[in-house]
1. Express as a percent, rounded to the nearest 5, the fraction of DSSP beta bridges in the chain (both residues included) that run antiparallel.
2. Report, to the nearest 10°, how far helix 238-248 tilts away from the longest principal axis of the Cα atoms in the chain, using its own Cα long axis and a range of 0 to 90°.
3. Would you order K23, K209, K248, K96 from fewest to most other beta-carbon atoms within 10 Å of each residue's own beta-carbon?
4. May I ask you to order 119-128, 134-143 by the average number of other C-beta atoms within 10 Å around their residues, highest value first?
5. Based on other C-beta atoms within 10 Å, arrange D22, D65 from fewest to most.
6. Can you give me the Cα centroid spacing of the stretch 97-164 and the stretch 228-258 in angstrom?
7. In sequence order, what are the phi-derived ³J(HN,Hα) couplings for the stretch 42-50 according to the Karplus relation 6.51 cos²θ - 1.76 cosθ + 1.60 with θ = phi - 60°, rounded to whole Hz, with x for glycine and proline?
8. Using +1 on the beta carbon of Lys and Arg, -1 on that of Asp and Glu, and nothing else charged, what's the dipole of the stretch 158-198 about the Cα centre, debye to 20?
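Please treat every number below as a calculation from the coordinates, not as lab data. The model shown is predicted, which means the values in this text are computed figures rather than measured ones. Ideal geometry is used to build each Cβ from the backbone, glycine not excepted, and the neighbour counts take in all protein chains shown.
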Amino acid sequence: ADPVILARTQAHVLTLTLNRPDKLNAANDELLLTLTRELQAADANPDVRVVVLTGAGRGFCAGQDLGDVSGRDMTFTEHLHHTYNPLIRTIRGLGKPVISAVNGVAAGAGASLALAGDIRLWAASASLIEVFSNIALIPDSGSTWTLPRLVGYHRAFELMALAERVRAEDALRLGLCEHVFADDTFAADVQAYAERLAQRPAHALKLTKQALVAALTSGLDEALDQEAALQQLAGDHWEHEEGVSAFKAKRAPQFIRE
Ligand code: T3D
């Protein structure tokens, strides 16, 4: 059988491709557990500086494979704790930037995955649907946390209640993605973007992500203390010395040490 996740590294960019194109990459347990394992391995691999998540074929991810739900020997709660929650936590906790490269429709937990990346790049024909209410479930895999922080409570509720499709132009306006690229150059544009990000100081970005993630749920006082603590780790690292030396010498910094 074809692997459910394709992995390819080029120029320090690991691309993980959800590979069940006949089902718009709907997620079964094997896909979710493999993806989480690949992400954990990427975190430990110094050659990987940026991770890209994308989908094979015309979809990004259509959420839970609905063919796999009936007859399952786990409750919904157990299933979320076993599969989706570790995946979302792994992305959030990963010490490297994760790009959600949304090549096509992202629905249900697939929408949650599209929103979970640190950077969200969309193809012009991509779309997002908080589809859960169509099957009378509630949004999961972090959507209830992420979406209202992006669009506010009221718009999040409407998107969830009506399960309307958000297209790229609106996603950009609403802050659900950072950039939209043309369909026919999407993969190349994503790779170029990711390679640019890979040139940035990896250690400083890891600490930046850590500080931002913590600050999302803290008050200003805690955020200031956290910045002061993490700035020490950044300032003590060789990347800082390199950045300052490069500035003084009027040259580009070299943050990749092979
Ligand atoms: O623990 C738990 O299990 C709870 C967790 C829940 C997390 C969730 O994600 S719940 C939400 C599950 N997802 C859905 O309800 C989405 C269902 N799919 C759709 O609504 C539509 O497929 C889309 C709007 C995403 C795309 O529509 P369209 O018209 O572009 O494509 P299509 O023709 O509907 O789908 C193409 C094929 O993919 C089709 O198969 P076929 O007829 O060609 O053999 C379709 O059945 C299949 N497919 C799409 N989504 C799923 C799927 N197969 C299984 N599961 C799916 N989620």
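1. Counting DSSP beta bridges with both partners in the chain, the antiparallel share is about 25 percent.
2. 60
3. Working: K23 15, K209 18, K248 8, K96 21.
Sorted ascending by nearby Cβ count, the order is K248, K23, K209, K96.
4. Values: 119-128: 22.7, 134-143: 16.7.
Per-residue mean Cβ counts within 10 Å order the peptides as 119-128, 134-143.
5. Fewest to most other Cβ atoms nearby, the residues stand as D22, D65.
6. 36
7. 5, 4, 8, 9, x, 6, 8, 10, 9
8. So the dipole magnitude of the stretch 158-198 works out to roughly 80 debye.
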